[in-house]
1. Output the residues belonging to the stretch B:402-455 that are buried (at least 18 other Cβ atoms within 10 Å of the Cβ) and within 30 Å of residue A:159 (Cα to Cα).
2. Looking at (1) surrounded by fewer than 18 Cβ atoms within 10 Å (Cβ to Cβ); (2) within 27 Å of the chain's Cα centre (by Cα), find the lone condition where residue B:271 falls short.
3. Quick check on the stretch B:311-320. Is at least one of its residues closer than 30 Å to residue B:358 by Cα and in contact with a strand residue (DSSP E or B) (Cβ under 6 Å, 6 or more places away or on another chain)?
4. Check whether at least one residue in the stretch B:154-167 is under 30 Å from residue B:434 (Cα atoms) and assigned to a loop (DSSP other than H, G, I, E, B), and report yes or no.
5. Sort through A:94, A:23 and tell me the only one that's over 22 Å from residue A:205 (Cα atoms) and either in contact (Cβ under 8 Å) with a residue 60 or more places away in the chain or away from every other protein chain (no Cβ under 14 Å) (or both).
6. Just to be sure, is residue B:104 closer than 17 Å to residue B:130 by Cβ and under 35 Å from the mean Cα position of the chain (by Cα)?
């Protein structure tokens, strides 16, 4: 029932984009992530799976320091992006987030026009020199988000007026507009119907050509369909991390096997 | 309670199966009755509220509307050159030397002439000076101002609208009756007879009283001249101070507290204190203002600037609380979205959160301003009441710094005065104040409706 990993991808030959070593996350007194080591490779989709509350979203949010916005959250350990520790005191999280884009669980377009939704990131980062540049970026991003054809005639209509699936693709287009190197997706399809989900999954597969994509998902089928590598989290521990095909067909850890066969979770 | 004591066992489901859906059982009846009772309480409560609101509005309108009309005596006045300009050179300094006492006999004579010329008029008043009691004490001053402004009309006969005395005005509005006049030395029954006949002749008229809306306060015994205009200007300058200070300070404070400040004991303490300040009686702010702004900082007493500062202190907690509430109501996903594309915290707040919170902030600010506009107690303590606001401020600086009053303080002041004519003015002032407050609230509602965005 599970697809094999996409053919032609030599999983181990890709260079490491993000490398996490001994990551611990605490929410106040709660130890949410326990000593996680993981390596995320470039131009590949890495899926995080696991039961609710296992820490996969928390870990994802560590990768672009979105957890900084939560007062009681404390992160220990090393997370390196291209060899640079993103938790170094010299790192400005704002710059980091321009390199590591994020798509959220619930589609959250700004209550502005479709054009302004996409143009916002490039504007604040000064990526466009003039209006024509910006128009080009908007078009390119919407094309990458696989939504250009649907919205090209109403770029100045509000982004919140789109359907759920369109909104999520708009958010993906918004995330790629700032030319990130890594794209983090936190259950991007959980609020979408199966057709919209299929469209977004197709899009994720295309995005793999340019970005390192990390996706958190509740759906094991989805992880199997879109990812090349899968990490299984359980109770804050990284239980198993390996090629998707191997995780789903021949897991090493009994907990992984229990989860993917539906016995725990 | 009764659930627990109900018999448990095999027979219960059996019994339940027997009951028909067409009949209501006792428990359902009780529940329905309770619901109906609750609705009745609610309707009764709303009914009582509406009843008193209607009584309030009707009594305000009934008592206040007469203040918007005023009785005038329209007669041609001969501006006697021998009295007003004995030297005949129209020198402004010479003209100014003639006091209002010089003008009063001209008015008396003018009315007396009119009385004598009117056909079929009978009166026991046989002297020009008897007319004095029908005329406002302010009338000579008004005539004098007119002559000083138009000196070339001296020697001519000018049609003039003379302000009637408050007793005459009261008689026209049924406030003064013949019984009450019997014990009143300000006017006699003979005057009232004359008034009746002059009304018929069209000499005495009741007209819309613009001076009440635009004019200044008058002294204790000339209610017919008193207006709320200057107090309105005082209120306007105070509201300017309140708006200019409390909006930026309040919004900046709430943005910092809501979006940037760390959550710790110190910020908790600040939060609790802001909530408490919103509940502090306004007179306490008045004492604070007196101590800090007047006694310590030596700012001018009774000035709209000081009043505005005190009201700012009072309005700030309201604005901060409503601003924080509307910031809180912006969904966190918008902040995440902005931070996710690499906006700094400040960019996220100013580009996305603040525009979404703006209608709420504006509504809170307008309601805070409306509250401040209607506030009287703190102004009593900084001396913005009791002062007779007789002059318009000369320019903007004077508007802020010269003694003035405010609308509610003026109403309070009028309500204290003995003459029943002032009672009517107080109600009239309340109508104007309520119109302002209603306008502000309607603006707040419109803003909320117009700019409310859905996401």
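The values are calculated or read from the model by the stated rules, or taken from the named source; none is laboratory data. Here the structure is a predicted model, which means the values were calculated and not measured. Using ideal geometry, Cβ is built from the backbone for each residue, glycine included, and neighbour counts are taken over all protein chains shown.
1. Passing the criteria: B:444, B:447.
2. For residue B:271, the failing item is (2).
3. no
4. yes
5. A:23
6. So residue B:104 passes the test.
This table checks each residue for (1) within 10 Å of chain A (Cβ to nearest Cβ); (2) surrounded by fewer than 22 Cβ atoms within 10 Å (Cβ to Cβ); (3) part of a helix (DSSP H, G or I).
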site: B:300; (1), (2), (3): no, yes, no
site: B:308; (1), (2), (3): no, no, yes
site: B:312; (1), (2), (3): no, no, yes
site: B:315; (1), (2), (3): no, no, yes
site: B:335; (1), (2), (3): yes, yes, yes
site: B:350; (1), (2), (3): no, yes, yes
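Quick grid of which residues meet (1) surrounded by 12 or more Cβ atoms within 10 Å (Cβ to Cβ); (2) assigned by TED's automatic domain parsing to the domain that holds residue B:205:
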residue	(1), (2)
B:48	no, no
B:76	yes, yes
B:80	yes, yes
B:92	no, yes
B:95	yes, yes
